[in-house]
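Data block below; observations after.
The values are calculated or read from the model by the stated rules, or taken from the named source; none is laboratory data. These numbers come from a predicted model, not from an experiment. Using ideal geometry, Cβ is built from the backbone for each residue, glycine included, and neighbour counts are taken over all protein chains shown. In case anyone asks, the SASA skips ligands and DNA or RNA and just uses the protein heavy atoms, side chains included. Shrake-Rupley method; radii C 1.70, N 1.55, O 1.52, S 1.80 Å.
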Amino acid sequence: MIANPIYRAIFWITAVLALGGNSFVFIATAHGLWNVDRNTNVFINTSIFLLNLCCSDFLMGIYLLAVIVQATQFSGLYCLFDKKWRSSSLCSGLGALAVVSSEASALTMTAMTTYRLVSAFKPFTIRSVGFLRVLLAEFFCWIFAVVLATVPLLKVTSEYYTTDVWFPNNIFGNDFVSRENMSLLAQRITGVEPESWNDAKKTIKQTFPRNPIKGEFGYYGETSVCMPRLFATTSEFAWEFSTFLITINFLMFIYMVIAYVLIYKQCNRIKGFRSNDISSKMQKRISRLILTDFCCWIPICVMGYLSIGGIKMPPDAYVLSACLLLPINSALNPLINSKALEDQLVRAKKWLMEKLSILRASTNRSSDLSVRYNARADEEGDRVIEIRE
């Protein structure tokens, strides 16, 4: 299922980071909402964005953990369960979960960026924005993400997304049959071209009652890690939907880059802003935000557009996207967007440096004592030699 041990290790690492980091930030952010002194509109709205971001990124951790656990169970025997796994409802559900997570996270970050952009240019206006508007925006973000993820799972859309079927037979010499061949088989049986994919399946089911279609390989059954078919060529099914997904995320990335550049420039215009280190801190934070978004989506977008151009991506591209590219934001968003986790890491670093300094001082003291002892022993040895002489 995941043959490369490096990929398996990355799956475990990113799953732990996504689950652990987002759980900590969610609890810390929810706890902060109970602080009455800080409960202004801006703080509440920012906290709502962070809570939703943690939830979406936590879902990615669940996807990663479920896939790597399943890979561990199939270790050494996956070839026996490949068709059953990729055509299963669990695989499709995990693929949909990954899309919900990535799209909800990207949409939430876009909404958060818009909120920060308005805050930078109209700070007094943003204070009047109530939390109900933010909740409504997040509601639409989640609805849109869920719709995008579940559309390929609907029976009415199976004709568009299904590429192959698991059909035990003595006709094709292989039980992994393309949808085109199944439609041709139905046409030869009836002498009429089937009007739809459901009609073709119905014809084959009636003709071969002892050999039913055991499963269909849909939008999430392309690979063993149940990734959506993002790298589809124009000759493959559902390439338009894949292009739509990739383009949406590419446009959101471009929007966030432009917005954060405008935010930084606007903040630099504030009188006295350059007189302290706030500018430097903001520049670093914005750079990290843009860099993580770039590493997450730009490689995927490039590979997607190359596929549309006719270049076939290797199977490892899906595994790499699933274990490293897509989860980058999920693993690093808690550190970048929340000060709570950053403060804990600073404290941990400070504690570690103090312990190292104490250990270093203790080592130096022991070394000094050893030198003094050796010098004293040498002096006593010289005295003994003089007495003997």
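Observations on the structure shown:
- Across the stretch 179-191, coupling constants 3J(HN,Hα) worked out from phi with the 6.51/-1.76/1.60 Karplus curve, θ = phi - 60°, read 5, 4, 5, 5, 5, 5, 4, 5, 5, 5, 5, 9, x Hz, and Gly and Pro carry x.
- For the stretch 29-90, radius of gyration divided by Kirkwood radius, i.e. Rg to Rh on alpha-carbons: 1.35
- Surface share of carbon and sulfur [accessible, 1.4 angstrom probe, percent] for the stretch 59-142: 71
- Distances between placed amide hydrogens fall under 5 Å for Phe217 paired with Thr163, Asp164, Val165, Trp166, all partners being 5 or more residues away or on another chain.
- 15 Å beta-carbon shell around Leu245, net charge (K/R +1, D/E -1): -3
- Of the chymotrypsin sites (Phe, Trp or Tyr not before Pro) in the stretch 133-198, those whose Cβ has at most 13 other Cβ within 10 Å and which sit in DSSP loop: Phe172
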